[in-house]
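Asker: Take this structure first; my questions come after.
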Amino acid sequence: MFAKGFASLNLTRASVPNKGLSPVKGVAGALPSLLTRDFGHTPIQFRERIRIPEIDPPVKPKSPYLRYMHYLIEEEKKFKPYAKINPIEFGQKVASPAWESLFETQKEPYESAYHDAYKLYKPEERNWWMTKTFSDISHINNIRRESGAKQLSIPAEYRKEMNRSEREAKQADKATRTKGLANARNRYMSEIIPQLTLDLGDSKHAMKAASQMWKDLSEEDKEPYQKAFRIAKAERDAEREPKI
């Protein structure tokens, strides 16, 4: 299922640098008037690759500056609809100087939008990581490697908690194991191995033969050994109950 989803993966790559980009044309040329515009109420849509929830953690929201830069790029495209804009070059020549010249009140809509998105993102991120085990992440990375996607690295803030959760799960499992009791299979094995050892002349071969014989038994034939185990366990549990 994961591999199938990756077939439609669409990674957005940086476009070819636009050597003709000039800070005195397009958006940059209209910079004074742009700074007086209300950018905060302009819809912002970022081009991103398709996310596959099973193997992709939630994506961190774009920073206030990136939201602002995206708007300026869209404005530049209105002046140059066929131009290929290099985001890095555009950021250095246009967006970064423009952002630095904004008043705090002009930055506030972008910062507010970012904080609102971050509040929604953080619980989703935590839920995604904390519902995975280390084994899950290893399996997911194998899938991502085959698809050429970047490997995931468990955030430090979740790694410690995941370690504790797995440790507690192992302790709980260990506590529920039946100790000191031979299960149904072991009861059967201890019953027939002595004779098999005499017949085969080798305890290792006898063990292997007994294991195969247990697998070949029908559920009906296994039932006496399973019943004996249940009775022994019930007696042991009764003995452990606190006396009133």
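The values are calculated or read from the model by the stated rules, or taken from the named source; none is laboratory data. The structure presented is a predicted model; accordingly, all values stated were derived computationally and were not measured. Don't worry about glycine lacking a Cβ; one is built from the backbone with ideal geometry, like all the others, and counts go over all protein chains shown.
Asker: Can you tell which of K160, K227, K215, K170 is within 30 Å of D56 (Cα to Cα) and at pLDDT 85 or above? Steps first, please.
Answerer: Values: K227 fails: within 30 Å of D56 (Cα to Cα); K215 fails: within 30 Å of D56 (Cα to Cα); K170 fails: at pLDDT 85 or above.
K160 is the lone residue from the list that is within 30 Å of D56 (Cα to Cα) and at pLDDT 85 or above.
Asker: With the checklist (1) of a type outside the set (S, T, Y); (2) within 19 Å of P58 (Cα to Cα); (3) modelled with pLDDT under 80 in hand, flag the one item G180 doesn't pass.
Answerer: (2)
Asker: Go through (1) touching a residue at least 12 places away in the same chain (Cβ under 8 Å); (2) within 30 Å of P58 (Cα to Cα); (3) outside any loop (DSSP other than H, G, I, E, B) for Y188 and report which single condition fails.
Answerer: The number of the failed condition is (2).
Asker: Here is a check on your reading of the model: is E111 of a type in the set (D, E) and over 30 Å from P155 (Cα atoms)? Steps first, answer last, please.
Answerer: On the way: of a type in the set (D, E): yes; over 30 Å from P155 (Cα atoms): no.
No; evaluated as a whole, the condition is false for this residue.
Asker: Residue under question is A83, and the condition is that it be in contact (Cβ under 8 Å) with a residue 40 or more places away in the chain, in the same structural domain as Y158 (by TED's automatic domain parsing) and part of a helix (DSSP H, G or I); does it hold? Explain how you work it out, then say what you get.
Answerer: Details: in contact (Cβ under 8 Å) with a residue 40 or more places away in the chain: yes; in the same structural domain as Y158 (by TED's automatic domain parsing): yes; part of a helix (DSSP H, G or I): no.
No, not satisfied.
Asker: Can I ask one more? Give me a count of the residues in the range 87-144 that are among the hydroxyl-bearing types (S, T, Y), part of a helix (DSSP H, G or I) and either surrounded by 12 or more Cβ atoms within 10 Å (Cβ to Cβ) or in contact with a Phe, Trp or Tyr (Cβ under 7 Å, 6 or more places away or on another chain) (or both). Don't jump to the end; show me each part of the working.
Answerer: Quick first cut of the range 87-144, residues among the hydroxyl-bearing types (S, T, Y) only: 96, 101, 105, 110, 112, 114, 118, 121, 131, 133, 135, 138.
Now narrow it down to the ones that are part of a helix (DSSP H, G or I): 96, 101, 105, 110, 112, 114, 118, 121, 135, 138.
Going one step further and asking which of them are either surrounded by 12 or more Cβ atoms within 10 Å (Cβ to Cβ) or in contact with a Phe, Trp or Tyr (Cβ under 7 Å, 6 or more places away or on another chain) (or both), we end up with 96, 110, 112, 114, 118, 121.
Summing the residues that are among the hydroxyl-bearing types (S, T, Y), part of a helix (DSSP H, G or I) and either surrounded by 12 or more Cβ atoms within 10 Å (Cβ to Cβ) or in contact with a Phe, Trp or Tyr (Cβ under 7 Å, 6 or more places away or on another chain) (or both) in the range 87-144 gives 6.
Asker: Moving to a separate point now. Quick check: anything in the range 208-221 surrounded by fewer than 16 Cβ atoms within 10 Å (Cβ to Cβ), under 43 Å from the mean Cα position of the chain (by Cα) and acidic (D, E)?
Answerer: The answer is yes, given that some residue of the range 208-221 is surrounded by fewer than 16 Cβ atoms within 10 Å (Cβ to Cβ), under 43 Å from the mean Cα position of the chain (by Cα) and acidic (D, E).
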